[in-house]
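Each remark here refers to the structure printed beneath this line.
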Amino acid sequence: MRRPKQGNASADSATVSFDSCPAKTFTTYDGRTLAGRSVFNHARAIVSRYPPGLQASLFPEGTPLAAAGHDIGKVSPTFYEKLRRACDPDTALPALTGIDPKLEDNWRGHPGVSQLAAIAAGAPAFVPEILGQHHGFSPPVAGYHAANEVFGGPAWQRERERLIAALKEALQTDWPQVGSAAQARVLAGLTSVADWIGSGEFFEDPAVEWQPRIAQALDAAGFVPPAVQPGLSFEQVFGFAPRPAQRQLIEQVTAPGVYVLEAPMGLGKTEAALYAAYRMLELGQAWGIYFALPTQLTSNKIYERFNTFLGATLAEDCPHRSLLLHGNAWLLETEMGEEGRPGGFWFQQGKRGLLAPFAVGTLDQALMAAMNIKHGFVRAFGLAGKVVILDEIHTYDAYTGTLLDALVDLLRQLHCTVIVLSATLNRERRGQLLDCNVASADYPLITAVPVDGTPVEMAVPVTDRRRVALQLEREAAPALNEALERAQAGQQVLWIENTVAKAQERYLDLAARAAELGNACGLLHSRFTADDRQRLEAHWVGLFGKDGWSERRRQGRILIGTQVLEQSLDIDADFLVSRFCPTDMLLQRMGRLWRHADTPRAAGARCEAWLLASEPQAATETPQQVFGAPQRSTAPMCCAAASRCGAGASDWSCRGISVR
């Protein structure tokens with residue numbers, strides 16, 4: 001291995017005692033830059049905010065020392081001289097000669113020195129890496145040693161070890177014995193978050209006593225233990241009695257583990273998962289909830305339901321709200337304030353959402369907890385000990401599915417309660433997700449794999465079965481006329497295409513004709529600007545949902561869209577037109593049809609779906625033209641389905657929906 005460039009950082013420099021090494025600078029009210037707090041008192045504690053049971057499971061004895069020791073690498077000549085030069089010229093810090101702070105770029109600054117110093121001091125496995133990663137990545141320190149001259153030589157390493165000894169004495173603890181890589185990720189996240197909070201406005205002025213401000217800083221950062229109203233029944237929370245599938249899931253979720261509920265659309269899987277999460281909070285076996293969904297639209301709509309749930313379950317004096325978290329979360333009103341201080345941009349929505357006790361977001365935000373990306377371990381820390389609800393699991397591709405398996409495995413090790421919801425999850429995929437053998441082919445089905453428990457598969461009785469009349473059309477023209485006639489009769493029509501281009505084309509076909517007949521026509525897809533999309537979502541999803549029941553009989557409507565309309569939305573159409581698509585997606589679309597038995601409907605409405613599919617030969621020869629680019633890989637599947645329907649298939653049943 002090539003020997004790293006050493007430089008001359010300490011060739012002519014004196015050694016500075018650890019208690020005289022500043023950890024940061026401080027800007028006074030009149031604009032002067034002075035040396036801030038020393039490295040000794042630059043650490044804070046968060047662990048005590050967790051429920052006692054989770055504290056013992058997640059954080060081994062000695063965890064505070066890992067958090068407190070992350071900045072031991074600041075006891076180095078290059079870092080000292082960098083801060084001295086950043087201070088005003090009349091500062092009391094003495095200069096070191098022959099020091100070039102730019103050399104720190106070679107090992108990415110003081111975290112690398114912290115890692116090397118911990119190794120040299122005999123810290124146990126995982127601990128040096130935890131200290132080295134607290135800025136989000138592993139520093140490039142291969143080939144270096146803590147006693148190298150570039151870090152000040154043996155004299156400066158002795159000062160770093162004196163600092164470690166002083167921290168051990170102050171905290172009355174030794175280094176933690178970290179049991180696994182998963183636990184190391186949690187401690188790395190804790191260390192980073194403690195660093196961010198400790199670097200915030202509450203601790204900037206070294207003249208102000210810091211201990212009394214710890215609780216205030218943690219409160220401001222959102223680390224307030226959630227408090228729920230005890231003893232609430234399902235009916236008190238949601239206003240109706242639980243169905244058998246909901247009741248059985250709630251009875252199974254009594255400890256951390258992984259639980260899968262497979263059930264038809266419209267059965268109330270969301271309410272079942274939320275009430276199970278409430279019970280875990282009530283029992284002190286979880287400290288928050290993260291609800292992960294596939295898309296931004298579904299996140300927005302679940303967010304509204306989630307806030308209603310929190311309003312019904314949280315104690316009156318509990319300050320928490322959920323924080324909507326997805327790619328465009330900054331466009332939605334939140335309670336973050338300027339950059340989510342303390343910690344500045346470290347507590348922006350993209351990171352803080354997973355740190356907040358309650359949040360709704362997209363799956364990709366959670367997946368990064370299991371990925372080797374910058375600050376991925378902060379996300380792991382944010383999810384540790386929570387109830388994590390993963391909705392619409394069947395929708396993800398093979399790549400995302402592999403990451404999802406890794407996430408579920410990580411969450412299981414982090415004492416999370418993982419609740420997986422799906423309408424169309426097959427047995428093989430369920431076994432992969434749970435990492436165990438599964439045998440049951442029943443549906444609806446609950447599979448429970450509690451931590452340190454035996455897997456249980458429990459069939460759920462089918463209380464009702466929806467029948468959908470299915471009609472295949474090779475051309476769009478008859479379906480266009482049928483949609484207009486249904487809308488003219490006062491029905492709410494949903495038309496779902498596989499691509500944005502096709503949805504726009506259908507809208508142009510229908511909008512003017514619908515307006516002439518006095519009917520409303522709308523378009524919803526993912527390519528609108530964020531403001532327009534939010535406005536359109538609120539309008540159309542509201543009209544097709546329960547909130548629009550009072551408006552339902554006033555006017556017929558046609559809503560045209562893409563896949564954004566097929567999942568996790570409580571919308572209820574009278575008539576559905578869908579382009580052919582993979583079976584799981586098709587069943588999801590049918591789940592938006594006659595969703596609720598008590599929805600007011602126009603006279604003459606019947607539960608029916610028309611499916612648009614080209615001739616199998618054309619679909620095979622030109623799949624991209626027929627199905628659109630996103631669906632070309634599934635063309636053979638669609639062709640087979642089209643052939644079967646074209647051959648006059650009789651009644652068949654699949655996943656809680658009967659089709660005739």
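For the range 495-509, which positions are closer than 23 Å to GLN555 by Cβ, surrounded by fewer than 23 Cβ atoms within 10 Å (Cβ to Cβ) and either outside the structural domain of GLU485 (by TED's automatic domain parsing) or touching a residue at least 24 places away in the same chain (Cβ under 8 Å) (or both)?
Matches in the range 495-509: TYR507, ASP509.
Determine whether the range 90-100 contains at least one residue that is surrounded by fewer than 16 Cβ atoms within 10 Å (Cβ to Cβ), among the acidic types (Asp, Glu), assigned to a helix (DSSP H, G or I) and at pLDDT 85 or above.
no
For (1) touching a Phe, Trp or Tyr at 6+ places or on another chain (Cβ under 8 Å); (2) closer than 24 Å to PRO461 by Cβ; (3) surrounded by fewer than 24 Cβ atoms within 10 Å (Cβ to Cβ), each residue gets a yes or a no:
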| site | (1), (2), (3) |
| --- | --- |
| PRO242 | yes, yes, yes |
| ALA245 | no, yes, no |
| VAL253 | yes, yes, no |
| ILE302 | yes, no, no |
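If you go through the range 143-185 one residue at a time, how many are in contact with a helix residue (DSSP H, G or I) (Cβ under 7 Å, 6 or more places away or on another chain), more than 30 Å from ALA370 (Cβ to Cβ) and among the polar types (S, T, N, Q)?
Number of matching residues: 1.
Looking only at the range 534-550, count how many residues are in contact with a Leu (Cβ under 8 Å, 6 or more places away or on another chain) and either over 22 Å from GLY591 (Cβ atoms) or not in a helix (DSSP H, G or I) (or both).
2
Go through the residues of the range 402-420 one by one and say whether even a single one is modelled with pLDDT under 90 and surrounded by 17 or more Cβ atoms within 10 Å (Cβ to Cβ).
no
So if I check each of LEU171, LEU103, which one is in contact with a Leu (Cβ under 6 Å, 6 or more places away or on another chain) and modelled with pLDDT under 95?
Every option except LEU171 fails the conditions.
Name every residue in the range 183-232 that is in a helix (DSSP H, G or I), surrounded by fewer than 16 Cβ atoms within 10 Å (Cβ to Cβ) and at pLDDT 80 or above, in order of residue number.
Those that are in a helix (DSSP H, G or I), surrounded by fewer than 16 Cβ atoms within 10 Å (Cβ to Cβ) and at pLDDT 80 or above: PRO212, ALA215, GLN216.
Could you tell me which residue of the range 142-180 is farthest from GLN55 (Cα to Cα), considering only residues that are assigned to a helix (DSSP H, G or I) and acidic (Asp, Glu)?
This residue is GLU149.
Take the range 402-430 and flag every residue that is over 15 Å from the mean Cα position of the chain (by Cα) and not hydrophobic (A, V, I, L, M, F, W, C).
Within the range 402-430, THR402, ASP409, ARG412, GLN413, HIS415, SER422, THR424, ASN426, ARG427, GLU428, ARG429, ARG430 meet the criteria.
Which count do you get for residues in the range 551-588 that are buried (at least 23 other Cβ atoms within 10 Å of the Cβ), assigned to a helix (DSSP H, G or I) and out of contact with any Leu (no Cβ under 8 Å at 6 or more places or on another chain)?
Within the range 551-588, residues that are buried (at least 23 other Cβ atoms within 10 Å of the Cβ), assigned to a helix (DSSP H, G or I) and out of contact with any Leu (no Cβ under 8 Å at 6 or more places or on another chain) number 2.
Got at least one residue in the range 265-279 being modelled with pLDDT under 90, aromatic (Phe, Trp, Tyr) and either surrounded by fewer than 18 Cβ atoms within 10 Å (Cβ to Cβ) or assigned by TED's automatic domain parsing to the domain that holds ASP391 (or both)?
no
Only one of (1) at pLDDT below 85; (2) small (Gly, Ala, Ser); (3) over 35 Å from the mean Cα position of the chain (by Cα); (4) buried (at least 19 other Cβ atoms within 10 Å of the Cβ) is not met by GLY656, so which one is it?
Just one mismatch for GLY656, condition (3).
Return a yes/no flag: does the range 522-544 have any residue that is over 27 Å from ALA292 (Cβ atoms), assigned by TED's automatic domain parsing to the domain that holds PRO478, in contact with a helix residue (DSSP H, G or I) (Cβ under 6 Å, 6 or more places away or on another chain) and crowded, with 22+ Cβ neighbours inside 10 Å.
Within the range 522-544 (the criterion being over 27 Å from ALA292 (Cβ atoms), assigned by TED's automatic domain parsing to the domain that holds PRO478, in contact with a helix residue (DSSP H, G or I) (Cβ under 6 Å, 6 or more places away or on another chain) and crowded, with 22+ Cβ neighbours inside 10 Å), the answer is no, since none of the residues qualifies.
Examine the range 114-121 for a residue that is farther than 23 Å from LYS374 by Cβ, in contact (Cβ under 8 Å) with a residue 12 or more places away in the chain and more than 30 Å from the chain's Cα centre (by Cα), and state whether such a residue exists.
yes
Assess whether ALA142 counts as being under 30 Å from ARG379 (Cα atoms) and modelled with pLDDT of 95 or more.
no
Given the residues PHE151, PHE126, PHE137, which is the only one that is surrounded by 18 or more Cβ atoms within 10 Å (Cβ to Cβ), of a type in the set (Phe, Trp, Tyr) and within 33 Å of the chain's Cα centre (by Cα)?
Within the list PHE151, PHE126, PHE137, the selection yields PHE126.
Which residue out of TYR259, TYR303, TYR278, TYR290 is in contact (Cβ under 8 Å) with a residue 24 or more places away in the chain, in a strand (DSSP E or B) and farther than 30 Å from PRO176 by Cα?
Just one listed residue meets the conditions, TYR259.
Within the range 22-62, work out how many residues are part of a loop (DSSP other than H, G, I, E, B), under 30 Å from ASP88 (Cα atoms) and either at pLDDT 75 or above or not hydrophobic (A, V, I, L, M, F, W, C) (or both).
Qualifying residue count for the region: 12.
Quick one: how many residues across the range 545-571 are of a type in the set (A, V, I, L, M) and under 20 Å from LEU293 (Cα atoms)?
Matching residues across the range 545-571 total 4.
Looking only at the range 80-89, which residues are buried (at least 17 other Cβ atoms within 10 Å of the Cβ) and either farther than 13 Å from ARG32 by Cβ or not assigned by TED's automatic domain parsing to the domain that holds THR28 (or both)?
Scanning the range 80-89 gives TYR80, GLU81, LYS82, LEU83, ARG84.
The values are calculated or read from the model by the stated rules, or taken from the named source; none is laboratory data. Source: prediction; values computed, not measured. Positions of Cβ are generated from backbone atoms using ideal geometry, with glycine treated the same way; all protein chains shown enter the neighbour counts.
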